[in-house]
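To start, the structure itself, in C-alpha cells.
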Amino acid sequence: MYQLLETAEAMNVGHRALVAYQRADGRLSIHHSQWGALGWQLLTTCRPNSPFGANNDWEAQCHEAIVDGEEPDPPTEPDTPVDPNPRTVVADLDDLTGQFDFLEYEACYVVSRSVDVRGFQPLWFARALPDADPVGDGALVSLRRDRDPVEDAARLTAWFRGVADTMVAMQERGALTDDAVHVHLRERCREWAADGREVYVG
C-alpha cells in the first residue's frame, strides 16, 4: 500500500504551468506543462521552431494547426515540455483568468501566433480569503521582459503576500469585511499596470 501511494504522489509531482496559444480567430488554445513553471523555462525553450519546447520536427506543423483552429496531430506520446494536445479553448485573456486554476498552476504563459512568449505570475486571493475559489479567484500579472523572470516573479509574490497579510490583520480587528478585502485585492493588483504590466483579475 505504501509503495502504491508513494508512486501516485510521485506522478503528481511537478511545477505545473498553463500555456495559452493565441489562435487566428482571437481565441486561446489551452495546454498543460507539468514542469513549465520551474525557473520560467518556457520563456526561453519555446521558439518558432520549437513552440512546445523540445525542437522536434513535428512541432511547427502542430502549432500551425492550433493557430488555424484545427486539431493538431502530434505523436502518440509527445516528449515535449508542453503537451501539444489542447485541453480546452477560451475566448480571451479575461476568460482565461476566470477559468484559471490558481491551486493547480504555478505559472501562466501566453504564446503569440509568431511564438512570442510572455509569462504571467498567478496571485491567488486565498492568502487573505481562505474560502477563495481556486478557479478564477485571483489575478494574473505579467512579468517584465527587462528583468530576470525568477526574480520578478518572486518580487510580485512577496508584494502580494504583504498586501494579503495586511488585509488579514485588518479583518481580525474587524476593520474589513470579506467583500471589502476582495475589492481591495483586485484594486491593488490592478495598480501593477502602471509598472508596464498586463493585469487580468478574475
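The values are calculated or read from the model by the stated rules, or taken from the named source; none is laboratory data. Everything quoted here is computed from the prediction, not taken from an experiment. With ideal geometry, Cβ positions are generated from the backbone for all residues, glycine too; neighbour counts draw on all protein chains shown. Side chains included, ligands, DNA and RNA excluded: accessible areas come from the protein's heavy atoms. Shrake-Rupley method; radii C 1.70, N 1.55, O 1.52, S 1.80 Å.
Quick note on segment 45-117: its Rg to Rh ratio, both from C-alpha atoms and Rh being the Kirkwood radius, is 0.96. Available extension along the chain between Ser112 and Glu64 is 16.1 nm, counting 0.36 nm per residue and deducting the alpha carbon span. Taking a spot 7 Å from the Cα of Thr88 along the direction of its beta carbon, which residues of segment 27-45 have an amide N less than 19 Å from it? Within reach of a label on Thr88, which here means backbone N under 19 Å from a point 7 Å along Cα→Cβ, segment 27-45 contributes 27-34.
In segment 89-202, the convex hull through the Cα atoms has an average projected area of 7.4 nm², a quarter of its surface area. Note on segment 96-150: Rg/Rh from Cα positions, Kirkwood definition for Rh, rounded to two decimals, is 1.03.
The length gained on full extension between Ala193 and Ala175, counted as 0.36 nm times the residue separation minus their Cα-Cα distance, comes to 3.7 nm.
Take the Cα of Leu103, step 7 Å toward its Cβ, do the same at Asp25, and the gap between the two points is 3.2 nm. Once the 1.4 Å probe is applied to the protein heavy atoms, the chain comes out at 53 Å² accessible per residue. Of the accessible area of segment 129-202, computed with a 1.4 Å probe over protein heavy atoms only, carbon and sulfur atoms account for 50 percent.
The phi-based Karplus calculation (6.51 cos²θ - 1.76 cosθ + 1.60; θ = phi - 60°) puts the 3J(HN,Hα) values of segment 20-32 at 10, 9, 6, 9, 5, 7, x, 7, 10, 8, 9, 10, 10 Hz, whole numbers, x for Gly and Pro. Sorted largest first by accessible area at a 1.4 angstrom probe radius, with every protein chain in place, the residues Arg118, Arg155 fall in the order Arg155, Arg118.
Semi-axis lengths, largest first, of the ellipsoid equivalent to the chain are 32, 20, 15 Å, with √(5λ) applied to each eigenvalue of the Cα gyration tensor.
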